[in-house]
Amino acid sequence: MPHDHHDHDHLSPSGHPYRADDDTDLSYWQTMEIAVRELLVEKGITTPAEVADQIETMDARTPSNGAKVVARAWSDPEYHAALMKDASAATREMGFDIGPLKLIAVENTDDTHNMIVCTLCSCYPRNLLGLPPDWYKSRAYRSRTVREPRSVLAEFGVTLPENTTVRVHDSTADMRYIVIPKRPQGTENMSEDELAALVTRDSMIGTGVAKTP
Amino acid sequence: MLDPKNPARRWHDMGGDTAGPIPDMDAPGEDHDFSLWEKRVDALMIIGSAKGYFTVDGLRRVLEDMGEDAFEKMTYYERWIASINQNLIEGGAYTTADLAEKMAEVSARGKTYGDASAGS
């Protein structure tokens with residue numbers, strides 16, 4: 001049924017729940033978006049197909065990309081070493097190209113917990129996680145994470161032992177980070193696909209931990 | 001907000017400031033998808049920079065010059081389209097007159113985003 005509204009539980013192509021219908025009055029900034037896009041087409045700078053392709057490319061980037069990288073790093077010591085040495089190259093090899101940016105993998109261990117933030121704006125490892133969630137771009141997260149990471153973590157329900165070192169990595173326009181969460185116990189015999197299902201978006205930002213099986 | 005101890009520090013350099021709770025990370029739909037118009041803004045940023053009209057630094061410069069008031073009052077992708085537009089005009093992609101004419105034409109098409117972007 002085309003007007004059946006029971007579809008709110010379904011996920012969009014980018015793996016997010018659909019938003020409510022977007023049929024509010026046309027805003028000034030929406031008008032500008034349409035105008036800019038049409039002018040770029042009229043001036044021969046882009047085409048409608050190029051815009052649609054770019055949206056499709058971005059929609060295809062979801063935290064499942066990052067989860068595959070983490071699961072492989074947990075399972076394959078050689079890949080783990082390559083990822084820690086040069087994460088841009090190691091993720092490019094899996095088809096998740098970060099382009100000219102530098103990507104650094106930081107690994108959580110029994111002693112150390114890593115978190116990522118962009119205090120200046122919203123820089124994020126888009127090739128592995130897709131577009132950043134709203135809270136990542138908020139004043140509160142940007143301001144407080146470098147000042148009081150443990151209280152920020154507590155708001156996400158993560159409490160770490162007192163003697164765990166917390167390292168916060170501030171991303172820049174040219175340099176991004178990805179957190180390799182600690183591999184949960186009891187996963188020794190799991191396949192890469194099973195492991196990937198334990199790796200959440202927040203565990204790769206450092207505001208969460210991997211799920212336990 | 002000027003930092004009296006470091007007047008060169010601008011408003012967007014907010015790391016280390018105090019602030020309220022992290023917003024909405026548990027709210028239903030926190031993990032929402034973006035609207036089509038927002039995805040198009042994101043695509044225009046990638047395309048505009050891929051074609052050499054501006055860099056991420058150019059995008060950031062305009063966002064930062066818009067000031068704290070814009071950060072509080074406009075949404076993320078509203079700020080982005082404003083910056084992309086400014087950068088494209090500076091880069092010579094089109095003129096302010098082209099933009100004014102096109103925006104008038106677009107807003108005359110209808111009341112909603114769907115009506116106004118129909119056929120494009």
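Descriptive notes on the structure:
- Excluding ligands, DNA and RNA, the accessible surface per residue across chain B is 49 Å² with a 1.4 Å probe.
- Restriction of the GluC sites (Glu not before Pro) in segment A:102-172 to DSSP coil positions whose beta-carbon has at most 12 other beta-carbons within 10 angstrom yields A:GLU162.
- Interchain or long-range residues, amide H under 5 Å from A:LEU101's placed H: none
- Shielding by other protein chains, B:9-18, mean Cβ within 10 Å: 5
- Note on chain A: with charges restricted to the Cβ of Lys and Arg (+1) and Asp and Glu (-1), its dipole about the Cα centre is near 960 debye.
- The charge dipole of segment A:64-107, taken about its Cα centre with unit charges on the Cβ atoms of Lys, Arg (+1), Asp and Glu (-1) only, comes to about 100 debye.
- No Cys partner within the rule (Cβ under 4.7 Å), chain A: A:CYS121
- Neighbour net charge for A:ILE98 - beta-carbon separation under 10 angstrom, K R +1, D E -1: +3
- Counting only lysines at least 8 places from A:LYS43 when in the same chain, those with an alpha carbon closer than 17 Å to its own are B:LYS51, B:LYS102.
- The B and A chains share an interface that buries close to 6000 Å² of accessible area, total over both sides, probe 1.4 Å.
- Amide H partners (placed H, <5 Å) of A:HIS169, local residues excluded: A:MET115, A:ILE116, A:VAL117
- Residue among A:SER27, A:SER122, A:SER191 with the largest mean-square fluctuation in a Gaussian network model of chain A, springs linking Cα atoms under 10 Å: A:SER27
- For segment B:77-83, Karplus couplings with θ = phi - 60° (6.51, -1.76, 1.60), whole Hz, Gly/Pro x: 6, 5, 5, 5, 5, 4, 6
- Phi-based couplings in Hz for segment A:107-124 (Karplus 6.51, -1.76, 1.60; Gly and Pro marked x): 10, 7, 10, 4, 9, 10, 10, 10, 9, 10, 8, 10, 5, 8, 6, 8, 4, 7
- Using a Gaussian network model of chain A in which every pair of alpha carbons under 10 angstrom is joined by a spring, one finds that among A:THR145, A:THR62, A:THR165 the greatest mean-square fluctuation is at A:THR165.
- Derived scalar couplings ³J(HN,Hα) [segment A:188-195; Karplus, 6.51 cos²θ - 1.76 cosθ + 1.60; whole Hz; x for Gly, Pro]: 4, 9, 8, 6, 4, 5, 5, 5
- For segment A:62-108, a Kirkwood radius taken over Cα pairs fed into Stokes-Einstein (25 °C, viscosity 0.890 mPa s) yields D = 232 µm²/s.
- Sorted largest first, extent of chain A alpha carbons per principal axis (Å): 57, 42, 36
- Amide hydrogen neighbours beyond the local backbone of A:ILE180, cut-off 5 Å, H modeled: A:VAL106, A:GLU107, A:ASN108
The values are calculated or read from the model by the stated rules, or taken from the named source; none is laboratory data. Here the structure is a predicted model, which is why all the values come from computation and not from measurement. Positions of Cβ are backbone-derived with ideal geometry, glycine not excepted, and every protein chain shown enters the neighbour counts. Protein only, heavy atoms only, side chains kept; ligands, DNA and RNA dropped before computing areas. Shrake-Rupley method; radii C 1.70, N 1.55, O 1.52, S 1.80 Å.
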